[in-house]
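The block underneath contains the structure these notes are about, expressed in structure tokens.
The values are calculated or read from the model by the stated rules, or taken from the named source; none is laboratory data. Since the model is a prediction, treat every value here as computed from it, not as a measurement. Here the Cβ positions follow ideal geometry from the backbone for every residue, glycine too, while neighbour counts run over all protein chains shown. These area figures cover heavy atoms from the full protein model, side chains too; ligands, DNA and RNA do not enter into them. Shrake-Rupley method; radii C 1.70, N 1.55, O 1.52, S 1.80 Å.
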Amino acid sequence: MELYYSLSVLIVLASFFAYLNVRFLKLPSTIGVMVIAMAVSIFLVVFSKFLPNTLHRISNLIHGFDFTELLMGAMLNFLLFAGAIHINLKDLREQRAPVMVFSSVSVVISTFVVGTLVYFIPIADLNIPYIYCLLFGALISPTDPVAVLSILKEAKVRKSLETKIAGESLFNDGVAVVVFAVLLQLAQGASADLTPLNVVWLFIKEAGGGFLLGIILGVTASRALRKIDDYKVSVLITLSVVMGGYLIARALHISGPLTMVIAGIIIGNFKRRFIMSTVTKDYLDKFWELNDEILNAILFLFIGFYLLVIKNLNEYWFPGLACIVLVLFARFISIWIPTTFIPFKERFSRGTIKILVWGGLRGGVSIALALSINDGPYKDTIIAITYFVVVFSIIVQGLTIGKVAGKILEKS
């Protein structure tokens, strides 16, 4: 009952904020919900003396959720599948080289650039050990598929660019999670075999296993869908792929997000290649589109309200703003190096690199990874600066990526 009560409150608030956004702010839906939630959070903090019960209840509501488990263990699987099911496999194949490189090599480069800069450049005397700086670099480097896919719907960029950005965000979780897990074990002194050979095996098991399971689930579900033409059963089959697939991936200790991406792409492209009635296609698309919108609204509402539970946020203004600049610089380096030294089929212009840098949004995944760090002297600092980077990324970069891309493409 407690979980039902909490989810009910979040749904009611999300729907109310979404209405206010559509009625008055007219921002992209996810950004609008988050901005309103942040505004309400600031209002509650400023007037906490007059509204102590309200502030306490909302803070307890947010504290009551295990955000890492909620996002990484449940919501992310639905959101990734909903995004992947609309990816055109032909477009992805054309951009496979940059997508593979940006979702792997670029994540590692960015991790070390961010960690090194945060450690060696004095930022308001944070005094964080180098290994924790690298840990921050690992959690903030992958672009968030939830944030990217929801914003790209609103931004008008070239199809090839959209595929690069969306593809990278969908596939970089496997590398990011392995890098983060290894660094976390080192930072927390866990006894584990972290030799290069074992790290490579961990990556192969995590990413390769997720890839293989996604193919099995996607092909199996597609064959089942091919033999029927019933929208109700089709929706149930896709639901079972997401929910059952996650349980299998978790039991096998492989990448659940990558499993969902591969399965979603296979099933989504099955709809384009084989005969399926318009009614079934329409119901299937609308079902996952609605799931995507509802879960995004709840997620970004949660991010907005998380402002209430960050301790001593005022102390981190300067380091938070400084980290925004450092993360953007690291993003540029991680894109520029591969495009300079790897012979891709197409040449990357300066304008394209700028769009890829500005379009690399961070979101709830970074916050969830920060929250997964065990309690210690550096956890609050990492959560606070992560929050600054994520909020800037979603609001500033998210609202301007369309205009930035338009101006750059006009000049080229």
*Which of the peptides 58-65, 157-164 is most tightly packed, and how do the rest follow, going by the mean number of other Cβ atoms within 10 Å of each residue?*
157-164, 58-65
*Sticking with the crude label model, points 7 Å out along Cα→Cβ, report the distance from L186 to S349 in nm, one decimal please.*
4.0
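Using every Cα-Cα pair within region 315-411, state what percent have a distance larger than 17 Å. Walk me through the numbers on the way to the answer.
Details: 2734 of 4656 pairs.
Beyond 17 Å sits 59 percent of the P(r) for region 315-411.
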*If you plug each phi of region 202-215 into the Karplus form 6.51 cos²θ - 1.76 cosθ + 1.60 with θ = phi - 60°, what whole-Hz ³J(HN,Hα) values come out, in order, with x for Gly and Pro?*
4, 5, 4, 5, 5, 7, x, x, x, 4, 5, 5, x, 5
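Solvent-accessible area per residue for region 256-373 at a 1.4 Å probe radius, Å²?
Numbers: 5070 Å² over 118 residues.
Averaged over the residues of region 256-373, the accessible area is 43 Å².
If you build the convex hull over the alpha carbons only and average its shadow over all orientations, what do you get for region 303-342? Give it in nm² to one decimal.
Values: hull surface 15.4 nm².
Directional mean of the projected Cα hull area for region 303-342 stands at 3.8 nm².
Please identify the chymotrypsin sites (Phe, Trp or Tyr not before Pro) of region 334-412 that satisfy two criteria: DSSP loop assignment and at most 13 other Cβ atoms within 10 Å. Which are they? Write out the running numbers ahead of the final one.
Details: sites: W336, F341, F344, F348, W358, Y378, Y387, F388, F392; in loops: F344, F348, Y378.
Here the sparse-neighbourhood loop sites are F344.
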*Mind grabbing the base-10 log of I(q)/I(0) for the chain at q = 0.11 Å⁻¹? Debye formula, identical points on the C-alpha positions, no solvent, two decimal places.*
-0.83
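Counting pairs of alpha carbon atoms under 8 Å apart in space and at least six apart in sequence, what relative contact order in percent does region 1-132 give? The partial results should precede the final answer.
Numbers: 29 pairs, mean separation 13.6, N = 132.
The normalised contact order for region 1-132 reaches 10 percent.
Of the accessible area of region 284-380, with the probe set at 1.4 angstrom, what percent is carbon plus sulfur?
On the way: 2680 of 4430 Å².
Carbon and sulfur together cover 61 percent of it.
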_Karplus (6.51, -1.76, 1.60) ³J(HN,Hα), θ = phi - 60°, over region 301-308, in Hz, Gly and Pro reported as x_ = 5, 4, 4, x, 6, 5, 4, 6
*Per residue, what volume in Å³ does the Cα convex hull of region 165-221 take up?*
96
*Amide H of G363: which non-local residues (sequence gap of 5 or more, or other chain) have their own amide H closer than 5 Å, using H built in the peptide plane?*
D144
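Just to be sure I understand: if I project the alpha-carbon convex hull of region 4-127 onto a plane and average over all orientations, what area do I get in nm²? Write down the numbers at each step before the final one.
Working: hull surface 49.9 nm².
The Cα convex hull of region 4-127, projected and averaged over all directions, gives 12.5 nm².
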*Take the Cα atoms of region 230-362, build their convex hull, and give its volume per residue in Å³.*
201
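Carbon and sulfur atoms: what percent of the 1.4 Å accessible area of region 1-146 do they account for?
Numbers: 4890 of 7210 Å².
The value for region 1-146 is 68 percent carbon and sulfur by accessible area.
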*Taking each pair of different alpha-carbon atoms in region 60-206 once, compute 1/r for the pair, average those values, and report the inverse of that mean as the Kirkwood hydrodynamic radius in Å to one decimal.*
17.0
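Taking only the C-alpha atoms, wrap a convex hull around region 71-134 and report its volume per residue in Å³ as a whole number.
128
For R23 and T195, what does the FRET efficiency come to when R0 = 41 Å and r is the distance between their Cβ atoms, rounded to the nearest 0.05? Before the final figure, lay out each step's value.
On the way: r = 58 Å, r/R0 = 1.41.
Between R23 and T195 the formula returns 0.10.
Restricting attention to region 312-412, which trypsin sites (Lys or Arg not before Pro) occupy a DSSP loop and are surrounded by at most 14 other Cβ atoms within 10 Å?
On the way: sites: R331, K345, R347, R350, K354, R362, K379, K403, K407, K411; in loops: K345, R347, R362.
Passing sites in region 312-412 are K345, R347.
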_Give me the 1.4 Å probe accessible area per residue for region 108-180, excluding ligands and nucleic acids, in Å²._
33
